[in-house]
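Step one of this worksheet: look at the structure below.
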Amino acid sequence: MTRSFFAKTSRAVSLVAVSLLALTAAPRPAAAADDAAKRATAAAEKLARGKYLVTVAGCNDCHTPFKDGPNGPEPDMSRMLSGHPQDMVVPPAPKPQGPWIASVAATNTAWSGPWGVSFTANLTPDRETGLGKWNLRTFIDTIRTGRRMGRGRPILPPMPYPMYKHFTDADLEAIFTYLQSIPPLKNKVPEPLPPAAPSAQGG
Amino acid sequence: MSFLRLAAASLLGLVLAAPSAGRDHAAALPERLRDTGLFVAGSTTAVRPENLPYSPQYPLWSDGATKCRWLYLPPGAAIDASQPDAWEFPPGTRLWKEFGHKRPVETRYIERRADGSWRFATYLWNAAGTDAVLAPPGGVVLTLEDAPGGRYVIPSQADCLACHEGAAVPVLGVSALQLSPDRDPLVPHAEPVRAEDVDLRGLVARALVRNLPPAMLERPPRIAAASPTARAALGYLHANCGHCHNDAGPLAPLELALAQGAVDGADGPAKALRSLIGQSSRYRPQGADAGAQRVVAGRHDASVLAVRMRSRNPLVQMPPLGTQIVDGEGVALIERWIRQYLQTRKELAE
């Protein structure tokens, strides 16, 4: 009798234990679906946050070439964030005069100043000419240090990295996530040009 | 401290950017070098005997500055060399590297803290060489008569991290390959080994390096290159480029693998050659066509690697940090290697 009681109790405890184990080891389908939905919502929110930040931080102002539209110059969104057009011929900039020290091309993608001539980068995820091979760390390091990929040559004006480096890591992750989601465009932006040498006649 | 007059921030006023947000490694760093444990008490020149001098076989080019280096490990602690190319340094590890031009100019300092994190600093010497104080985190440019061009750049902390955080371990000069007793006789700017210097065998004998694969003592690490010139060239690229250009760090997406390991055998050189010869260069020199390549076997003048090494235009130069003057001897070695010793990728594959 006693033995049978213990046997039954033991069996019952085992069943409860197995059931509990099963409950904890294998999440209910509904809970798994909830988690997936939360992850999807978080991902969508991150993407939307990145798009918002790219918009209000003015990335398109320089990284999307301007074209003449019906109401004047406007960003050519068919070339969204693809940087200075590779085939655009850029003659030497006008010589600076008086307080005017910089010139900018009509596309808003080529800038000339005391630093030389800078061309805005291709921010699309094209693997050969854009940021397609970059990862979050190289992107954050770039903005934080003002050096290409965080380790290379200095990034030139007018890129406002001295302000942008104050973005939080979460903001920069959202921006990078969004930039990796836009259409890749193949556009090999030229390397920057050094400042012109002073002329022999007292330049 | 009149010698610390600052020159222009940099050629472009951009290079010495303020330290990056969220990386306050200067917090609580000693204000004076003498308080970092380098010197015996009461001195600013006599180095403590427990700080061990060493000399890597492939030195980094630093515009011809003379260098002295010391390593300190806490009593009873040792470097774990289980992973021969990613040594694990114990908390409390300290390293110093003094740069000089006829007199000490700066001493750079790395420390591993109790929580396993690393911190980096540099100390500026006064003209008399009697004291050194913590440099500003944004770096400075010194006018220094004995430096090439009369100009000496102290890097910012962000620039320190750019190189030291690009490798598997932030200590770049203390490794099985760099301290191998089988030293490369052709390396540019090789520093003579002094009697007091510790090398790989010395560290193991003192039980300061543990778990090193025994075979590595019987056959000390050496770059398994095809020729003595190739060995020196690959060693030079390892020391001057490999801390950023490797296949595991933040710049791995560039697919340029110039770091050499102690246990790589022929794989290390092969990997470097594959990532150089005939590979399209993202950087396109002015006037070059779209087919610019990192290395064109037999043609140093068409090899972007050599072109960028020979430049000190801040927008072009390689390395981009820590040097204002071209290393003529180093470039000559690389160009000779490209011109006389390299085969094409096709030949290498056969």
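The values are calculated or read from the model by the stated rules, or taken from the named source; none is laboratory data. The structure presented is a predicted model; accordingly, all values stated were derived computationally and were not measured. We place every Cβ from the backbone using ideal geometry, glycine too, and count neighbours over all the protein chains shown.
Looking only at residues of segment A:114-138 that are within 25 Å of A:Ala102 (Cβ to Cβ) and hydroxyl-bearing (Ser, Thr, Tyr), we find that the one that is nearest to the other protein chains (Cβ to nearest Cβ) is A:Ser118. Checking B:Arg294 against (1) touching a Ser or Thr at 6+ places or on another chain (Cβ under 6 Å); (2) within 14 Å of chain A (Cβ to nearest Cβ); (3) of a type in the set (D, E, K, R), only one condition comes out false. Which one? All conditions are met except number (2). Checked across segment B:90-102, the condition of being over 30 Å from B:Arg151 (Cα atoms), assigned by TED's automatic domain parsing to the domain that holds B:Asp35, surrounded by fewer than 18 Cβ atoms within 10 Å (Cβ to Cβ) and among the basic types (Lys, Arg) holds for no residue.
Scan B:Arg119, B:Arg108 and give me the residue that is modelled with pLDDT of 95 or more and either part of a strand (DSSP E or B) or among the basic types (Lys, Arg) (or both).
Details: B:Arg119 fails: modelled with pLDDT of 95 or more.
Matching residue, one of B:Arg119, B:Arg108: B:Arg108.
Annotation: of all residues in segment B:317-330 being surrounded by fewer than 20 Cβ atoms within 10 Å (Cβ to Cβ) and without any contact (Cβ under 8 Å) to a residue 60 or more places away in the chain, the one that is farthest from B:Cys163 (Cα to Cα) is B:Gly328.
One line per residue, one yes/no per condition, for (1) within 14 Å of chain A (Cβ to nearest Cβ); (2) modelled with pLDDT under 95; (3) assigned to a loop (DSSP other than H, G, I, E, B); (4) farther than 27 Å from B:Pro221 by Cα:
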| residue | (1), (2), (3), (4) |
| --- | --- |
| B:Ala272 | no, no, no, no |
| B:Asp289 | yes, yes, yes, yes |
| B:Pro314 | yes, yes, yes, yes |
| B:Val326 | no, no, yes, yes |
| B:Gly330 | no, no, no, no |
| B:Lys346 | no, yes, no, yes |
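The number of residues in segment B:149-181 that are touching a Gly at 6+ places or on another chain (Cβ under 6 Å) and not hydrophobic (A, V, I, L, M, F, W, C) comes to 3.
Kindly establish whether B:Ala248 is closer than 30 Å to B:Gly149 by Cβ, within 14 Å of chain A (Cβ to nearest Cβ) and surrounded by fewer than 16 Cβ atoms within 10 Å (Cβ to Cβ). Answer is no for this residue.
Here is a yes/no grid of residues against (1) surrounded by 15 or more Cβ atoms within 10 Å (Cβ to Cβ); (2) not charged (D, E, K, R):
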| position | (1), (2) |
| --- | --- |
| B:Trp118 | yes, yes |
| B:Asp146 | no, no |
| B:Arg151 | yes, no |
| B:Ile154 | yes, yes |
| B:Ser175 | yes, yes |
| B:Val209 | yes, yes |
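Summed over segment B:256-270, the residues that are assigned to a helix (DSSP H, G or I) and either aliphatic (A, V, I, L, M) or closer than 30 Å to A:Asp87 by Cβ (or both) give a count of 1.
Tell me, which residue of segment A:164-180 that is within 11 Å of another protein chain (Cβ to nearest Cβ) and not acidic (Asp, Glu) is surrounded by the fewest Cβ atoms within 10 Å (Cβ to Cβ)? Walk me through how you get there before you give the answer.
Our first condition is that a residue be within 11 Å of another protein chain (Cβ to nearest Cβ); within segment A:164-180, this holds for A:164-169, A:172.
Still in the running and not acidic (Asp, Glu): A:164-168, A:172.
On the way: A:Tyr164: 18, A:Lys165: 21, A:His166: 13, A:Phe167: 19, A:Thr168: 10, A:Leu172: 21.
Filtering segment A:164-180 for residues that are within 11 Å of another protein chain (Cβ to nearest Cβ) and not acidic (Asp, Glu), the one surrounded by the fewest Cβ atoms within 10 Å (Cβ to Cβ) comes out as A:Thr168.
Between B:Arg32, B:Arg48, the distinction of being under 24 Å from B:Ala205 (Cα atoms) and exposed (fewer than 15 other Cβ atoms within 10 Å of the Cβ) belongs to B:Arg48 only.
When we screen A:Val90, A:Val104 for residues that are within 14 Å of chain B (Cβ to nearest Cβ), over 30 Å from B:His243 (Cβ atoms) and either touching a strand residue (DSSP E or B) at 6+ places or on another chain (Cβ under 7 Å) or surrounded by 17 or more Cβ atoms within 10 Å (Cβ to Cβ) (or both), the only hit is A:Val90.
On inspection, A:Asp141 qualifies as of a type in the set (Asp, Glu), facing chain B (nearest Cβ under 10 Å) and within 15 Å of the chain's Cα centre (by Cα). Count of segment B:90-105 residues, restricted to those that are within 20 Å of the chain's Cα centre (by Cα) and outside any strand (DSSP E or B), is 2.
No other residue among A:Pro158, A:Pro183 is assigned to a loop (DSSP other than H, G, I, E, B) and either within 8 Å of chain B (Cβ to nearest Cβ) or in contact with a Phe, Trp or Tyr (Cβ under 9 Å, 6 or more places away or on another chain) (or both) apart from A:Pro158. Looking at B:Ala195, B:Ala224, B:Ala162, B:Ala205, just one residue is of a type outside the set (Ser, Thr, Tyr) and touching a residue at least 60 places away in the same chain (Cβ under 8 Å), and that residue is B:Ala162. Screening B:Asp24 on (1) over 24 Å from B:Ile154 (Cα atoms); (2) charged (D, E, K, R); (3) at pLDDT below 95 shows it passes everything except condition (1). Checking each residue of segment B:114-137 against the condition of being touching a residue at least 40 places away in the same chain (Cβ under 8 Å), among the small types (Gly, Ala, Ser) and out of contact with any helix residue (DSSP H, G or I) (no Cβ under 8 Å at 6 or more places or on another chain) gives at least one match. Going by the conditions given, is B:Thr122 more than 27 Å from B:Gly242 (Cβ to Cβ) and of a type outside the set (Phe, Trp, Tyr)? No, not satisfied. Between B:Asp85, B:Asp35, B:Asp63, the distinction of being without any contact (Cβ under 8 Å) to a residue 60 or more places away in the chain, charged (D, E, K, R) and outside any strand (DSSP E or B) belongs to B:Asp35 only. Scanning segment A:29-77 for residues being hydrophobic (A, V, I, L, M, F, W, C), more than 30 Å from A:Ala105 (Cβ to Cβ), within 19 Å of the chain's Cα centre (by Cα) and loosely packed, with under 15 Cβ neighbours inside 10 Å gives a total of 4. Kindly establish whether B:Val193 is over 14 Å from the mean Cα position of the chain (by Cα), surrounded by fewer than 19 Cβ atoms within 10 Å (Cβ to Cβ) and among the β-branched types (Val, Ile, Thr). Considered against the rule, which asks whether it is over 14 Å from the mean Cα position of the chain (by Cα), surrounded by fewer than 19 Cβ atoms within 10 Å (Cβ to Cβ) and among the β-branched types (Val, Ile, Thr), B:Val193 comes out as yes.
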